[in-house]
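See structure below.
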Amino acid sequence: MKALGWSFNNLASSLSNEENLRKQFTADLAHELRTPLASLRSQIEAFQDGIWDPTPERLQQSHNELMRLVRLVNELEKLLAAENPQIKLNVSNIEANKMACFLKNQFDSIFNEKGVKLQILNSGKELWFRADQDRVIQILTNILNNALQYTSPNKRVVISVLEKNDNIGFVVADEGVGIDEKDLPHLFERFYRGDKSRTRKTGGIGIGLSIVKALVNAHGGDIQVTSELNNGTIITILFPRN
């Protein structure tokens, strides 16, 4: 009876937590939608009332708000797909060093354009693991985009290949602005942004790392973040070898 009572209480607590998370997500989503919708509504009403002339600049401003909504919906679709417990992974054999080189080739041009150096540290031996290649690219692309965004010109970002126990993974270390210690526990929460360096204008809509976390979890992997404000961030992603 004690075990049954404990299980019942545990289930009730879990359901309560899920309900709180659902309510919080609904509130966060409403908040994210409200700002661009209110802005777009006021602009359209200004056109209708003759307060604004439909100049190319003002039409572009309205279009920008519309695209914010489109991006939000697209990212939400990606998040819901990634968090689906029945997500289908097209698993294949992946060699970690080749994956790192592929990403460097993909990102070299935009890193060079900003003046940030992108380096690869190979393991020195072949390291194979099984995962969904497209999802792995999606995970690392998101992390590299963040690293580039928050790293100043003449600094660098380094991708290292890692072997740890029965896991193969990647370490992305940047020399960027870093993350405040108080923000670290919340990095993977939906819509979360730090108050200073990761604002709405520069930090997207706050869903990217939630998608990364969900995709890593879907592989049975692990992701860890260490950072120091003004000294950079290190993100480690591990995938089970098999």
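The values are calculated or read from the model by the stated rules, or taken from the named source; none is laboratory data. What you see is a predicted model; the values in this text were computed from it and never measured. Here the Cβ positions follow ideal geometry from the backbone for every residue, glycine too, while neighbour counts run over all protein chains shown. Heads up: the accessible areas ignore ligands, DNA and RNA and are worked out on the full protein's heavy atoms, side chains in. Shrake-Rupley method; radii C 1.70, N 1.55, O 1.52, S 1.80 Å.
If you roll a 1.4 Å probe over the stretch 102-160 with all protein chains in place, what percent of the accessible area is carbon or sulfur?
Its accessible area is 43 percent carbon and sulfur atoms.
Tell me, what HN-Hα J-couplings in whole Hz come from the Karplus equation 6.51 cos²θ - 1.76 cosθ + 1.60 at θ = phi - 60° for each residue of the stretch 112-122, using x for Gly and Pro?
Once rounded to whole Hz, the list reads 4, 4, 8, x, 9, 8, 10, 10, 10, 10, 6.
Among the listed pairs Lys155/Lys182; Lys114/Lys155; Lys88/Lys213; Lys104/Lys164; Lys117/Lys213, which have their C-alpha atoms separated by more than 20 angstrom in this model? All intermediate terms of the calculation are to be shown ahead of the outcome.
Working: Lys155/Lys182 25 Å; Lys114/Lys155 10 Å; Lys88/Lys213 16 Å; Lys104/Lys164 22 Å; Lys117/Lys213 26 Å.
Cα-Cα > 20 Å for Lys155/Lys182; Lys104/Lys164; Lys117/Lys213; rest within.
Tell me, in nm to one decimal, what length is gained between Phe102 and Arg58 on full extension, where the rule is 0.36 nm per residue of separation less the Cα-Cα distance? Kindly include the intermediate steps, with their values, before the conclusion.
Numbers: separation 44, 0.36 × 44 = 15.84 nm, distance 4.07 nm.
Between Phe102 and Arg58, full extension yields 11.8 nm more.
Once the Cβ-Cβ distance between Leu89 and Leu162 is put in as r, and R0 is 22 Å, what FRET efficiency do you end up with, to the nearest 0.05? Present the calculation step by step, with values, prior to reporting the outcome.
Working: r = 21 Å, r/R0 = 0.96.
Rounded to the nearest 0.05, the efficiency is 0.55.
With every protein chain left in place, what is the accessible area per residue of the stretch 38-158 in square angstrom, probe 1.4 Å?
Numbers: 7370 Å² over 121 residues.
Here the per-residue accessible area is 61 Å².
Using a simple spin-label model with points 7 Å from Cα along the Cα→Cβ vector, what separation in nm is obtained for Leu66 and Ser42?
Each label point lies 7 Å from its Cα, and together they span 2.0 nm.
At what distance in nm do the modelled label points of Ile51 and Thr226 sit from each other, each positioned 7 Å from its Cα along Cα→Cβ?
Placing both labels 7 Å along Cα→Cβ, they lie 5.3 nm apart.
Taking the mean number of other Cβ atoms within 10 Å as a proxy for protection, how do you rank 43-50, 233-240 from highest to lowest?
Values: 43-50: 12.0, 233-240: 20.9.
For the peptides 43-50, 233-240, the packing ranking is 233-240, 43-50.
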